[in-house]
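First the structure, in the form of structure tokens, and then the observations on it.
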Amino acid sequence: MSHQDVLAKVGLSAEELSGGSLSVRSPIDGAHVADVHETDPGEMQAVIDRAQAAFKVWRSVPAPRRGELVRLLGEELRRSKDELGAVVTLEAGKIVSEGLGEVQEMIDICDFAVGLSRQLYGLTIASERPGHRMMESWHPMGPCGVITAFNFPVAVWSWNAALALVCGNPVIWKPSEKTPLTALASMKIMARALDRFGDAPEGLVQCVIGGPAIGEALVASPGVPILSATGSTRMGSAVGPKVLGRWGRPILELGGNNAMIVAPSADLEMTLRAVVFSAVGTAGQRCTSLRRLIVHNSIREELVGKLVKAYAGLPIGDPRAEGTLVGPLIDHDATDRMQAALDAARAEGGKVHGGGMAEGMDGGAYVRPAIVEMPSQTETVRTETFAPILYVMGYDDFDEAMELHNAVPQGLSSCIMTLNLREAEAFVSAAGSDCGIANVNIGPSGAEIGGAFGGEKETGGGRESGSDAWKSYMRRQTNTINFSDALPLAQGVRFDV
Ligand code: NAD
């Protein structure tokens, strides 16, 4: 199927795909596929005003009814799964099963949010005063801005949107300027859900197209009380302080530098599979991709040997082709950054296996994933390079491995491969991994939506998706109700007038 056919199947018209100033290329072959219309920065205030007006209506719609809209979105996504997955492949270069998996993640979060729409519980709290009751209520906050990265072009929006909508907040989405088509396609699907829902206020779900300047309008506006931003730490360090500076609530999901500790007792076959999926899946362009392997020196040579062999046989190529496991990087700038990191690692004493351009692939940025044996955890290793590079370091004792593991600025995902109960428990204990996600005997990537997703340190501290992440999208109100005929003060204070 041609690129244009894929786009037509999700209902994107020739008019929507041409005449605009944002040029879109497919990483599959570098072909130019569309010129999308960008939002005029001068229109942003009107967008925010529409969301504010929608908020005044939506906040009073009962939460289970709000959940009905998200249920319909889930239904529409189920119907359009193949078509939207194909656009993810076309625009982000993900292999077919990962493109479909991303849409499945959208469906899963819709299901989760529908249930949640009947569970936005507060507590009842014992009051110290007679004839009084205390409780907690959770209320909607207002428009939620969602700035997303290219590598999860639709799932991250849905994590935010499904929760924000059931929590009573309108959504304004600014997708990555590298992936506007998946966003426009998702808006088509959302429009069908809104149509079926019937009486949602205009401006409840909006999408604005453009680069950082359009994002900044959301970041700067007090009319957007919640700002969820997913992307590089560089972007987060610009966005976070600005949102806080206007007393908004940032939810930051930034870069990772995820590690695996491989202990002497590890099941090596399982480890091998976990490493390969986590390090080269999505061509190393997941925030949770495995980037650092910390291996016990007694098994290091054996594991590296097996990995180098497995890497040599990786099917690299067109992500649409059956059997491909490694598709292209998003663009040639990403290839340059990968090459620069490999050069820097070499200069720091690293021994590089693989790397370089994959042969026989024209147009797209197809690279051979690299394994780099490092003498120590250098500055290059401590930096996130968004490409399939796996740095390998050895260790002799568990404490040393733990030190190395935590000695990076990022804190997203982590794991240990071990059959030793003490090591496994120590890894997830208070003195263990300092990341938001810490796994035992599975890789660091491929999270399920049921858990809260996010990380510490330079990863930004935000939490999205499952568990009680919904609380970030609501304001907590403490209520004290006096049903007595007296007015006692707390803490025994007397103030008789
Ligand atoms: P990026 O930082 O270049 O861009 C991300 C988004 O931020 C884009 O929409 C961009 O237009 C916008 N943006 C950039 N500067 C801005 C500014 N000053 N104000 C407002 N908006 C701005 O990131 P990318 O290259 O698209 O994505 C890769 C990065 O994202 C990696 O670092 C990866 O680890 C991270 N990521 C993190 C998570 C997570 O959940 N922690 C998930 C996916 C990706």
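Identify, from the list 384, 379, 403, 464, the residue that is closer than 30 Å to residue 145 by Cα and either surrounded by fewer than 21 Cβ atoms within 10 Å (Cβ to Cβ) or outside the structural domain of residue 234 (by the TED database) (or both). Even if it seems obvious, please write down each step before you answer.
Values: 379 fails: closer than 30 Å to residue 145 by Cα; 403 fails: closer than 30 Å to residue 145 by Cα; 464 fails: either surrounded by fewer than 21 Cβ atoms within 10 Å (Cβ to Cβ) or outside the structural domain of residue 234 (by the TED database) (or both).
Within the list 384, 379, 403, 464, the selection yields 384.
Residue 181 passes all but one of (1) within 12 Å of the ligand (Cβ to nearest atom); (2) surrounded by 24 or more Cβ atoms within 10 Å (Cβ to Cβ); which number fails?
The one condition residue 181 does not meet is (1).
Please work out if residue 162 is under 20 Å from the mean Cα position of the chain (by Cα) and of a type outside the set (Val, Ile, Thr).
Details: under 20 Å from the mean Cα position of the chain (by Cα): yes; of a type outside the set (Val, Ile, Thr): yes.
Judged against the criteria, residue 162 is a match.
So residue 425 clears everything in (1) acidic (Asp, Glu); (2) closer than 16 Å to residue 159 by Cα; (3) in the same structural domain as residue 404 (by the TED database) except one condition, right? Which one?
All conditions pass for residue 425, except number (2).
When you go through 188, 178 one by one, which is the residue that is farther than 29 Å from residue 438 by Cα, in the same structural domain as residue 92 (by the TED database) and in contact with a Gly (Cβ under 6 Å, 6 or more places away or on another chain)?
On the way: 178 fails: in contact with a Gly (Cβ under 6 Å, 6 or more places away or on another chain).
The unique qualifying residue is 188.
Look through 494, 475, 422 and report the one residue that is charged (D, E, K, R), more than 16 Å from the ligand (Cβ to nearest atom), out of contact with any Gly (no Cβ under 8 Å at 6 or more places or on another chain) and touching a residue at least 60 places away in the same chain (Cβ under 8 Å).
Criteria check complete, one pass: 475.
For segment 187-292, please list each of the helices (runs of 4 or more DSSP H) lying entirely inside it that holds at least 2 residues being near the ligand (Cβ under 10 Å from one of its atoms).
212-220, 233-245
In segment 427-452, which residue that is outside any loop (DSSP other than H, G, I, E, B) and touching a Phe, Trp or Tyr at 6+ places or on another chain (Cβ under 7 Å) is farthest from the ligand (Cβ to nearest atom)?
440
Quick one: what pairs do we get from segment 450-472, first residue at positive phi, second aromatic (Phe, Trp, Tyr) and within 11 Å of the ligand (Cβ to nearest atom), C-beta under 7 Å, 6+ apart or different chains?
465/159; 465/453
Could you tell me which residue of segment 391-419 is nearest to the ligand (Cβ to nearest atom), considering only residues that are aliphatic (A, V, I, L, M) and within 21 Å of residue 460 (Cα to Cα)?
Among those residues, the one meeting the criterion is 412.
Residue under question is residue 171, and the condition is that it be within 11 Å of the ligand (Cβ to nearest atom), at pLDDT 95 or above and within 15 Å of residue 228 (Cβ to Cβ); does it hold?
Taking the combined requirement at face value, the residue does not satisfy it.
Give segment 385-412 a look and list any residue that's in a helix (DSSP H, G or I) and farther than 29 Å from residue 252 by Cα, or say none.
Those that are in a helix (DSSP H, G or I) and farther than 29 Å from residue 252 by Cα: 398, 399, 400.
Pairs please, first residue from segment 227-256 and among the acidic types (Asp, Glu), second anywhere and part of a strand (DSSP E or B) and more than 6 Å from the ligand (Cβ to nearest atom), Cβ atoms under 6 Å, 6+ apart in sequence or on different chains.
Pairs that qualify, where the first residue is among the acidic types (Asp, Glu) and the partner is part of a strand (DSSP E or B) and more than 6 Å from the ligand (Cβ to nearest atom): there are none.
Out of all the residues in segment 111-129, is one or more crowded, with 22+ Cβ neighbours inside 10 Å, out of contact with any Ser or Thr (no Cβ under 8 Å at 6 or more places or on another chain), farther than 30 Å from residue 93 by Cβ and among the aliphatic types (A, V, I, L, M)?
yes
Could you tell me how many of the residues in segment 413-426 are assigned to a loop (DSSP other than H, G, I, E, B) and surrounded by fewer than 18 Cβ atoms within 10 Å (Cβ to Cβ)? Talk me through it step by step, then tell me what you get.
Here is the first cut: in segment 413-426, the residues assigned to a loop (DSSP other than H, G, I, E, B) are 418-420.
Next, only the ones that are surrounded by fewer than 18 Cβ atoms within 10 Å (Cβ to Cβ) stay: 419-420.
So the count comes out to 2.
The values are calculated or read from the model by the stated rules, or taken from the named source; none is laboratory data. All values derive from a computational prediction rather than experimental measurement. Here the Cβ is made from the backbone with ideal geometry for all residues, glycine too, and neighbour counts use every protein chain on show.
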